[in-house]
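Structure first, then comments.
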Amino acid sequence: MYIYNVTINIDDSVHDQWLDWMRDEHIPDMLATGKFTAAKMCRVMVDEEMGGTTYSIQYTSKDKDTLSSYYKEDADRLRNEGVTRFANKFVAFRTELELINEQSI
């Protein structure tokens, strides 16, 4: 299993609109691609020197090939929606994580 993690710092001036858009539109659109089986959105618990609020959004994908298909078929379109709506109001970076072990009680 792979996790596509997007870490975003969003400016306070658009925070509430961005958060609504993420919950109501963007995350559902990501899941609608069929490339992800789940999504988690977490607030990063740190005070940022640059201001704003930082979030980690984690999308679960069954394998590397499925994630690669997302990059080829959907990533540009879905990323551009955020850039268009919130231009110059966020900083984002993306990481891929491979799940090695998961335990729970």
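Every number in this text was worked out from the coordinates using simple rules, so none of it is lab data. Since this is a predicted model, take the numbers as computed values, not measurements. Glycine gets a Cβ as well: all are built from the backbone with ideal geometry, and neighbour counts include every protein chain shown.
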Run the numbers for Lys72 and Ser56: contour at 0.36 nm per residue of separation, minus the present Cα-Cα distance, in nm.
3.5 nm
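How much net charge surrounds Trp18 when only the other residues with a Cβ under 13 Å from the Cβ of Trp18 are counted, with Lys and Arg +1 and Asp and Glu -1? Walk me through the numbers on the way to the answer.
On the way: positive: Arg23, Arg43, Arg85, Lys89; negative: Asp11, Asp12, Asp16, Asp20, Asp24, Glu25, Glu81.
Net of charged neighbours comes to -3.
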GNM flexibility winner over the chain from Val83, Val46, Val14 (Cα, springs under 10 Å):
Val46
For every helix of n ≥ 4 consecutive DSSP H residues, a contribution of -39,500 (n - 2.57) applies; sum these over the chain, divide by its total residues, and give [θ] at 222 nm rounded to the nearest 500 deg cm²/dmol.
-9000 deg cm²/dmol
The chain: relative contact order from alpha carbon pairs under 8 Å, six or more residues apart, as a whole percent, is 47 percent
Given a 10 angstrom Cα cut-off, can you work out which residue in Lys72, Lys64, Lys35 is the most mobile in a GNM of the chain?
Lys72
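So, R0 is 22 Å and r is the distance between the beta-carbons of Ile105 and Ala32; what FRET efficiency does that work out to, to 0.05?
Numbers: r = 33 Å, r/R0 = 1.50.
Efficiency, from the Cβ-Cβ distance: 0.10.
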Mean projected area in nm² (Cα convex hull; one quarter of hull surface) for the chain:
7.4 nm²
With label points set 7 Å from each Cα along the Cα-to-Cβ direction at Lys40 and Arg94, the distance between them in nm comes to 2.0 nm
Reach of Lys35 by Cα under 27 Å, taken over lysines that are not fewer than 8 positions away in the same chain
Lys62, Lys64, Lys72
